[in-house]
Amino acid sequence: MSDYQLYHALGQGGPNDDPSNPNPSGQPVPPQFQQPGGPAPYQQTGANYNHNPQGQPQQYGNPQMGQPAPYQGQHDQGYATNPNQSGVSQDPGLASQMGGLGLGEAASHGRKKKKDRHAYHTVEAPGGSSAAFNGMPQGAVPASAYLNADPSAMPSAPGGQFMNQPVTPQMSQFPAAANAPFNPANPTSPVEFASRNGTADQAFGASVQTSAQGRVDPDQIPSVPRSRDAISQYYLSNVYPTFEHHLPPPASVAFVAFDQGNSSPKFTRLTMNNIPSTSDALQSTGLPLGLLLQPLAPLQAGELEIPVLDFGDVGPPRCHRCRAYINPFMVFRSGGNKFVCNMCNYANDVPPEYFCAITPQGARVDREQRPELMRGTVEFLVPKEYWSKEPVGIRWLFLIDVGQEAFNKGFLEAFCEGVMVALYGKDGSEDERKIPEGAKVGFVTFDKDIHFYNMNPALDQAQMLIMPDIEDPFLPLSDGLFVDPYEAKSNITSLLTQLPALFSQVKNPEPALLPTLTAALAALEKTGGKIVCSLSALPTWGPGRLFLRDDGKQHGDAEKKLFTTEHPGWRKVADKMVAAGVGVDFFLAAPGGGYLDIATIGHVSASTGGETFYYPNFVAPRDSAKLSQEIMHTVTRETGYQALMKVRCSNGLQISSYHGNFIQHTFGADIEFGVVDADKAMGAMFSYDGKLDAKLDAHFQSALLYTTASGQRRVRCSNVIASVSDNAKDCMKFVDQDAVYALIAKEAASKMTSNSLKDIRGALTEKNVDILAGYRKNFSGSHPPGQLVLPENLKEFSMYILGLIKSRAFKGGQEPTDRRVHDMRMIKSMGALELSLYLYPRMIPIHNLLPEDGFPDPESGHLRMPPSIRDSFSRVEEGGVYLIDNGQNCYLWMHAQTSPNLIVDLFGEDKDTLKSLDPFSSSLPVLQTHLSAQVRNILEYLKTMRGSKALTIQLARQGLDGAEYEFARLLVEDRNNEAQSYVDWLVHIHRHVQLELTGQRKKEDSGDNSIASNFAGLRPPYW
């Protein structure tokens, strides 16, 4: 495959350029800097993929049933077949009542043609609508929406700061007064707001009645795909300025953030960017107050690099009372001799070496030359007093299972190849370093015995040292275990190539994992580092041997005991690793999908901040590519070790809990990681210990102390600011939906070891009801009782909660314990982007792509992505082919009547039927066809929108492949996974909201009993 460019290059254009935008703004588009777009990816010589010779898109339909109707490219024409074509009758009475479910359209009483809705919603301004800007092209916000308004403190024109600037311009931030209010620029009057967004008395609502004869139109309920696609178009040509706009873009949208002193939402997301001043006001909303943190999140092309600052032996300036680090919101006074902490309001003396005069407005003269006073996220090099041990380049220790199962299933060979690719590239000839200077690697193999390897470059080949005494493991060598991978390249490649043959005749069936981890800890104890360990069988040999605990018959309270480990040896090793600054990533391949006791094994990786990559039914031809890519990602992503984190907040707030994969020894203590990487996220929940002053702002600062892979001890600080309001109604306008459901999910996952799954599902349902009932009761104004009123910023929240209830971690019914525990720990460490896809997968039809889909736009250079569709089998067409990606796996589902022409265009001329395809293929061949280039370009784009899991395709041919069951499970809007359909779920939630409003609601323990609601399945499920 040829090289390709990222498809998020900044171009020109904005919401006003969208001809389908029903709410165009009268303002001119602010000037934006632009980046030239490259040629179309995968444009092979001699092939023209950018136009169709006939001028029409190639359509692939059912050869027996005729061609399915192509998409017309119009917004909200359904993205799918007409509901009446699938045999679903529509009741005119209820359908007319439900017409009001459209965005910004009151309930109507007559049958009307479906309105051409767009994602630019018309909602009520005073009642908690999304007045805040989050990328949706809408009018400016009324001044009343922003408390503490101070227009003179902000740039004169939003977006103007980007005029004639390079891709990474220097910002001139306003000189802030002490505890300056945090407000966007250029607020507008309520009259202007109403003129741009329609009348203020319209509500996002629906007339929901539980009648067995009526049916709700699923097209009228909030659509996750439509919301994602609409906002993503805006951020293709616009930058997100972190201080001017209160509401961040959705997590699933690619955007370029410009750090203006408030940290990018890629690093930090607050659940509420306008915070109630009292605990009672927060409780009336039902929302959690918390911070989602991904401190080492990767940056996108065009974003400013994180500045690294060195203050020498004295270290960075800090508040003497609360120990907060210097940041843009600390204010200097007394001629520059004092700085006031924005967390605790303590006036500190400025160190002599840091002194600088201030302007009459109170800003330091050198402010613009001080990144710590201009940027929301910075890194400080710290002196020796911050060291736990001498920092060195990270040590990678690969522990390779060479037992019988690993050899038989090809896992050993695939893992060795993956390590070589991670270090030296696919053909082994790449000289570019994959790991930084100073980093070293070592190798250990194990079955019943443990084998260390002396990789000294002076040796002709690696030397094996066997340690048979696994009862008391020790380190048999000190020199030669860790080497520079490029100095010892010949020894390393020779060893990894020969390992499968070397152990082909040994085949010990029982690996001794815990003794191997103990020996690895001894090797890394002095320096810290990271262990990458493969395992393909239940470790039943030696100390810490495990047994088959899951017999499939334990449910309820007994089942939760299987979600954790009770083995003291494994807990002890995990604690020692964290103390030594060591973390573990596991690559687990279950024998035939059998039991591995991930609850015990994964406890080590979860406690140390590592990750578990799980292949429940590993098949080498299909899964080797995915394994190789994930090993490479593990080694090359930004990684730190010996890590501590602390979150500080303003007076009046306090940390109530942390959620994630780490160790916290006592309540209120710092959270500790053996390792931390770019994909890991954690949540911090806050509670009130007083009343917040609405005249001041609330401030939050996270500080991650860690050692980089190159061997530098640093602190990464991220600073977030939020306004404070006495009116909780105003706070509903600035809710971050992604942060809300992410923190709820992490909190629910942390309770799996103490609460039953039924109770957790019930609690999630109750939380959903509490939030919607609180909004309806306190903030939404007067609406008919039968109307379901959803907050504008939480329109899709109920769908995400339903996706969480349907996830493997929490779903009802039978589910292997290993799968549950793996997904539970994965949820605890997921970032916002990865969790968004996990709860609502992206599904794209590829059988009716337009000719320009999958190629860069000739004007902007951005890849034209086809619209995604709802995750429902009702949207699947006869003869259709669909990609569905949940951020963990990507399935290519092919209808039984898929056109032979499509199969040939995707897989080659020798493949013209579904049965002729290789069921174990994991990628598409590079063909000189228009469709092949389109789909491969789309897949390359999807690779940029993921977390730690590699993207390879898995075929799911209707009626042929077992992966078809996985495809069906991902259709989260249908009735499946022991839970309701999306429509039934909204009806169920609305019924409980009505009961809450009338005072008749009883807390339920689970939503399971309401699966058979009065509404029959509106759309036929997959089966």
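What the pair-distance distribution of the stretch 876-938 shows, using all Cα-Cα distances binned every 10 Å from zero, is 20, 57, 22, 0 percent. Cα-based values for the stretch 644-758, radius of gyration first and Dmax second, are 16.2, 49 Å. How many percent of Cα pairs in the stretch 518-624 exceed 15 Å? Every Cα pair in the stretch 518-624 considered, those over 15 Å come to 66 percent.
In the stretch 528-542, whose amide N lies under 17 Å from the spot 7 Å out along Cα-to-Cβ of E638? List them in ranges. Within reach of a label on E638, which here means backbone N under 17 Å from a point 7 Å along Cα→Cβ, the stretch 528-542 contributes nothing. Projected onto planes of every orientation and averaged, the convex hull of the alpha-carbon atoms in the stretch 406-548 covers 8.9 nm². The order of the peptides 786-796, 503-513 by mean Cβ neighbours within 10 Å, most packed first, is 786-796, 503-513. Spacing of the modelled spin labels on T278 and F547, each 7 Å from Cα toward Cβ, amounts to 5.7 nm. In the stretch 308-374, inverting the average of 1/r over every pair of distinct C-alpha atoms gives 12.1 Å as the Kirkwood radius. Gyration tensor over the Cα atoms of the stretch 471-560: the corresponding equivalent ellipsoid has semi-axes (square roots of 5 times the eigenvalues, largest first) of 32, 19, 13 Å. Placing a pseudo-label 7 Å from each Cα along the Cα-to-Cβ vector at N337 and K561 gives an inter-label distance of 6.9 nm.
Calculation over all alpha carbon pairs of the stretch 395-636 in 10 angstrom steps from 0 returns a P(r) of 7, 34, 39, 16, 3, 0 percent. Loop-located GluC sites (Glu not before Pro) in the stretch 418-497 (DSSP state other than H, G, I, E, B) with a sparse environment of at most 10 neighbouring Cβ atoms within 10 Å: E432, E471. Across the alpha-carbon set of the stretch 778-933, the Rg to Rh ratio works out to 1.05, Rh being the Kirkwood radius.
For N408 and L465, what does the FRET efficiency come to when R0 = 22 Å and r is the distance between their Cβ atoms, rounded to the nearest 0.05?
On the way: r = 26 Å, r/R0 = 1.19.
Approximately 0.25, to the nearest 0.05.
Ordering 735-745, 945-955, 923-933 by mean Cβ neighbour count within 10 Å, with the highest value first, yields 735-745, 945-955, 923-933.
Out of the stretch 607-679, which trypsin sites (Lys or Arg not before Pro) are coil in DSSP terms and have no more than 16 other C-beta atoms within 10 Å?
Passing both the DSSP loop test and the Cβ count: R637.
The listed peptides 420-426, 665-671, ordered by packing as a protection proxy, come out as 420-426, 665-671 (highest mean of other Cβ atoms within 10 Å first).
Here the relative contact order of the stretch 308-374, from alpha carbon pairs under 8 Å that lie six or more residues apart, stands at 26 percent. Each principal axis of the Cα cloud of the stretch 616-694 was evaluated for its coordinate range; sorted largest first, these ranges are 61, 24, 23 Å. Between G831 and A681, the built amide H atoms are under 5 Å apart, and every one of these is 5 or more places off in sequence or on another chain.
Could you compute the FRET efficiency for E353 and E437, with r as their C-beta to C-beta distance and R0 at 35 Å, rounded to 0.05?
0.70
The tail of the calculated P(r) for the stretch 540-682 beyond 19 Å holds 61 percent of all Cα-Cα pairs.
The numbers here are math on the coordinates, done by the rules we state, and not lab data. This structure is a prediction, so every number in the text was calculated from the model and none was measured. Note: ideal-geometry Cβ built from the backbone for every residue, glycine included; neighbour counts use all protein chains shown.
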